[in-house]
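The structure appears below as C-alpha cells.
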Amino acid sequence: MNEQAWKFWNDYWAIQGQIQTKEVEAFQFGADADWLASLVVEGKKTATCSAHILYELENEPLPQIGQYNIVLNSKELPVAIIRVTEVSILPMNEVPVEFALAEGEGDYTFWWNAHEQFFKSELKVHDLLYSKTMLLVCERFEVIHKL
C-alpha cells in the first residue's frame, strides 16, 4: 500500500479519535478504476464481485464481513474507505438482478456483458475458460469515509 493510502487511512481513524488497529488493503476496482471509484464515492456502487478461482490461484483469502478496504483511483490515490457487510459465493448465472444493480454500473444486461467480457479476459491470462456457471465472490459494502 502506498504512502497516500496509509495517510488517508490513519487520518480517518485520527478524526474518529481512535488509534488505527485494523488491517486494511488498498485496491482499484476492475477495468475502469476511475469510473468505478467515482460510483463508490457517489454512493451508486455498493457491491462488487470477483472470480472465486482467482482467489484460489493467487492463494488469497476470501473477503470477510467487517473487512476494511481503501478504494484507489487509476493514479493509485485513495478516494474512499469501505467496509464489507456481506459476502456470498454464487454461480454467475445465479447472481440476483438486485445485486448486479447494486454494483452501480448500469442495467442487468450491461452488468452481465461487462462482467462476461472482464472475466473472459482475466481467466485467459491463466489459460482458463469462462463459464456462465463460474463461481463469483459477491461482496456488499458500505462507504465509511470518502474524499
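Structural remarks
- Candidate set: the range 10-33, residues that are open to solvent by less than 40 Å² (accessible area, probe 1.4 Å) and either part of a helix (DSSP H, G or I) or touching a residue at least 60 places away in the same chain (Cβ under 8 Å) (or both); chosen: the one nearest to Leu72 (Cα to Cα): Ala33
- Of all the numbered requirements in (1) over 24 Å from Asn113 (Cβ atoms); (2) open to solvent by less than 20 Å² (accessible area, probe 1.4 Å), Leu36 misses one, and that requirement is (1).
Residues are listed down the side, and each one gets a yes or a no for (1) exposed (fewer than 14 other Cβ atoms within 10 Å of the Cβ); (2) at pLDDT 95 or above:
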| position | (1), (2) |
| --- | --- |
| Lys45 | no, yes |
| His52 | no, yes |
| Ile65 | yes, yes |
| Ala80 | no, yes |
| Val87 | no, yes |
| Pro96 | yes, yes |
| Ala102 | no, yes |
| Leu128 | no, no |
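- If you go through the range 36-72 and keep only what is under 24 Å from Leu147 (Cα atoms), over 10 Å from the mean Cα position of the chain (by Cα) and outside any loop (DSSP other than H, G, I, E, B), you end up with Ser38, Leu39, Val41, Tyr68, Leu72.
The values are calculated or read from the model by the stated rules, or taken from the named source; none is laboratory data. No experiment lies behind these values; they were computed from the predicted model shown. Because the Cβ atoms are built from the backbone with ideal geometry, glycine has one as well, and the counts that use them run over all protein chains shown. These area figures cover heavy atoms from the full protein model, side chains too; ligands, DNA and RNA do not enter into them. Shrake-Rupley method; radii C 1.70, N 1.55, O 1.52, S 1.80 Å.
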